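The values are calculated or read from the model by the stated rules, or taken from the named source; none is laboratory data. Just so we're clear, the structure is a prediction, and the values are computed from it rather than from any experiment. When we count neighbours, we look across all protein chains shown, and the Cβ atoms used for this are built from the backbone with ideal geometry, even at glycine. Remember, those area values only see protein heavy atoms, side chains included, never the ligands or the DNA or RNA. Shrake-Rupley method; radii C 1.70, N 1.55, O 1.52, S 1.80 Å.
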Amino acid sequence: MDEKTEELRDIFMDVTDESTVTEQQAETHGSLSSETEVDERLEDAVARMRDRYDFGTTLSDDELVTVVRGFYAGDSDAEIARNLGDASLGKTVSRARIDLHLIRDSDTDAPFDMDELRDLLDRDATTVECADELGVSESTVRRYRRVVETQQERRTVNDQFRDEFENVLRDRELSDRMTESVQEDGLDDATEGMETNVSF
């Protein structure tokens, strides 16, 4: 580091107050208290949702929070499974998402017309009858039946829980943006002060 660079560094540290900057950096997206609060709010919503609906998933509420976060981060089921520490949990994550009413467009990409399945279910057809009528396996019917039932549940409650997930994460994003704005403003002020105090 040459003499001029060293001088600029010293002036910058004096103007910006290094300890304050470091403290602000600690309160960014990785802030333990903020992330813990988000997880607690999401877990509370998940627990209430489990009480209300018949969850088939074996994942814990804490693991379901990871599913919620991953879904809204745009992660695939395989990526969420890896975040849970077990890459083989892809199908488990998929079923858990459905329990949480977090449906992807790809969840309705069935090898048959979904409206046909809906009509059969409206007529109280059994899984075996649906499989015979649609020409697919019973496991395939069960998979897409759950999607149809979840879509119906979502319409019934107006996506109450999904709205709650989104509000929690939106609040977190807004908090991040405000923090970033404060830090950028502080850096701009510090830079202006440095420019004022430095002469060549």
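Below is a table of values for the structure above.
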{"read-out": "Per-region count, the stretch 91-116, residues open to solvent by less than 80 Å² (accessible area, probe 1.4 Å), more than 22 Å from Y53 (Cα to Cα) and touching a residue at least 12 places away in the same chain (Cβ under 8 Å)", "value": "3"}
{"read-out": "Candidates V136, V128, V141 - the one that is at pLDDT 90 or above, of a type in the set (A, V, I, L, M, F, W, C), exposed (fewer than 13 other Cβ atoms within 10 Å of the Cβ) and more than 25 Å from the chain's Cα centre (by Cα)", "value": "V128"}
{"read-out": "The stretch 24-42, subset open to solvent by 70 Å² or more (accessible area, probe 1.4 Å) and touching an Asp or Glu at 6+ places or on another chain (Cβ under 9 Å), residue modelled with the lowest pLDDT", "value": "H29"}
{"read-out": "Those residues of the stretch 144-184 which are basic (K, R) and either at pLDDT below 90 or open to solvent by 60 Å² or more (accessible area, probe 1.4 Å) (or both), in sequence order", "value": "R145, R154, R155, R162, R170, R172, R177"}
{"read-out": "Selection count where residues are under 21 Å from A47 (Cα atoms) and aliphatic (A, V, I, L, M), scope the stretch 74-88", "value": "3"}
{"read-out": "Close pairs (9 angstrom Cβ cut-off, 6 or more residues apart or separate chains): over 17 Å from D124 (Cβ atoms) in the stretch 137-153, open to solvent by 70 Å² or more (accessible area, probe 1.4 Å) anywhere", "value": "T140/P111; R143/R95"}
{"read-out": "Residues (crowded, with 19+ Cβ neighbours inside 10 Å, of a type in the set (A, V, I, L, M) and free of Cβ contacts under 8 Å to residues at least 40 places away in the same chain) located in the stretch 67-83", "value": "V67, I80, A81"}
{"read-out": "The stretch 110-154 - residue that is β-branched (V, I, T) and part of a helix (DSSP H, G or I) and, of those, farthest from G56 (Cα to Cα)", "value": "V128"}
